[in-house]
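Since the structure comes first, as structure tokens, the remarks are kept for the end.
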Amino acid sequence: MFPVRGFEWDTGNAEKNLLKHSVTTGETEEAFFTDPLILRVKKNLYYIFSVTLGGRYLFGVFVLKPGRIVRVISIRDMEKKDRSLYKEKKGR
């Protein structure tokens, strides 16, 4: 699990993720608290690869604000190659 203390939601991003990718804020937050979880960092952007309790494979981009507050930029279903790499990394 990633040590998150909270989430900061931009209504535009939350709506975009729901309308374009059909990912709710609840599913997004759940992805940060399920195992296995893969995180990558590049400059100031964080990338998450995770599976929800319902078995949905998600890929997201977020920034980490002071106090370990997550601000999600985008989240979507993993593409086929992302899913393969995720399963390979986690030995599934």
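Restricting to the range 19-29, name every residue that is in a helix (DSSP H, G or I) and surrounded by 14 or more Cβ atoms within 10 Å (Cβ to Cβ). Reasoning before the result, please.
Step one: of the range 19-29, the residues in a helix (DSSP H, G or I) are 19-21, 25-29.
Passing the criteria: HIS21, THR25, GLU27, THR28, GLU29.
Could you count how many residues in the range 64-92 are assigned to a loop (DSSP other than H, G, I, E, B) and of a type in the set (A, V, I, L, M, F, W, C)?
Residues meeting the conditions: 1.
Among the residues of the range 59-68, is there at least one that is touching a residue at least 40 places away in the same chain (Cβ under 8 Å) and open to solvent by less than 50 Å² (accessible area, probe 1.4 Å)?
yes
Just for the range 70-92: of the residues that are within 16 Å of THR11 (Cα to Cα) and of a type in the set (A, V, I, L, M), which one is surrounded by the fewest Cβ atoms within 10 Å (Cβ to Cβ)? Give the steps one after another, and end with the answer.
At the first step, the residues of the range 70-92 found to be within 16 Å of THR11 (Cα to Cα) are 70-75.
From what is left, the residues that are of a type in the set (A, V, I, L, M) are 70, 72-73, 75.
Details: VAL70: 21, VAL72: 24, ILE73: 14, ILE75: 24.
The extreme case among them is ILE73.
Taking into account only those residues within the range 40-58 that are farther than 19 Å from LYS87 by Cα and of a type in the set (D, E, K, R), which is surrounded by the most Cβ atoms within 10 Å (Cβ to Cβ)?
Per the criteria, the residue is LYS42.
Could you tell me whether the range 76-87 includes any residue that is among the acidic types (Asp, Glu) and touching a helix residue (DSSP H, G or I) at 6+ places or on another chain (Cβ under 8 Å)? Show your work before the answer.
Within the range 76-87, the first condition is being among the acidic types (Asp, Glu), and the residues that meet it are 77, 79, 82.
With the extra rule that they be touching a helix residue (DSSP H, G or I) at 6+ places or on another chain (Cβ under 8 Å), the set shrinks to 77.
For the range 76-87, residues among the acidic types (Asp, Glu) and touching a helix residue (DSSP H, G or I) at 6+ places or on another chain (Cβ under 8 Å): present.
Okay, residues lined up against (1) of a type in the set (Phe, Trp, Tyr); (2) under 21 Å from LYS89 (Cβ atoms):
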| residue | (1), (2) |
| --- | --- |
| PRO3 | no, yes |
| GLU15 | no, no |
| TYR46 | yes, yes |
| PHE59 | yes, yes |
| LYS65 | no, no |
| ILE69 | no, no |
| VAL72 | no, no |
| ASP77 | no, yes |
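Conditions (1) modelled with pLDDT of 90 or more; (2) open to solvent by less than 60 Å² (accessible area, probe 1.4 Å), marked per residue:
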{"residue": "PRO3", "(1), (2)": "no, no"}
{"residue": "ASP10", "(1), (2)": "no, yes"}
{"residue": "ALA31", "(1), (2)": "yes, yes"}
{"residue": "ILE38", "(1), (2)": "no, yes"}
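Spot the failing condition for LYS16; the list is (1) touching a Ser or Thr at 6+ places or on another chain (Cβ under 7 Å); (2) open to solvent by 60 Å² or more (accessible area, probe 1.4 Å); (3) in a helix (DSSP H, G or I), and only one is missed.
The failed condition is (1).
Scan the range 62-79 for residues that are within 12 Å of VAL23 (Cβ to Cβ) and not polar (S, T, N, Q) and report the count. So that I can check it myself, show each step before the final result.
The initial filter retains those residues of the range 62-79 that are within 12 Å of VAL23 (Cβ to Cβ), namely 72, 74-78.
With the extra rule that they be not polar (S, T, N, Q), the set shrinks to 72, 75-78.
Looking only at that region, the number is 5.
The values are calculated or read from the model by the stated rules, or taken from the named source; none is laboratory data. As the structure is a computational prediction, the values presented were derived from the model and not from experiment. Heads up, the Cβs are rebuilt from the backbone with ideal geometry, glycines too, and the neighbour counts pull from every protein chain shown. Side chains are part of the model used for accessible areas, which takes the heavy atoms of the whole protein and leaves out ligands, DNA and RNA. Shrake-Rupley method; radii C 1.70, N 1.55, O 1.52, S 1.80 Å.
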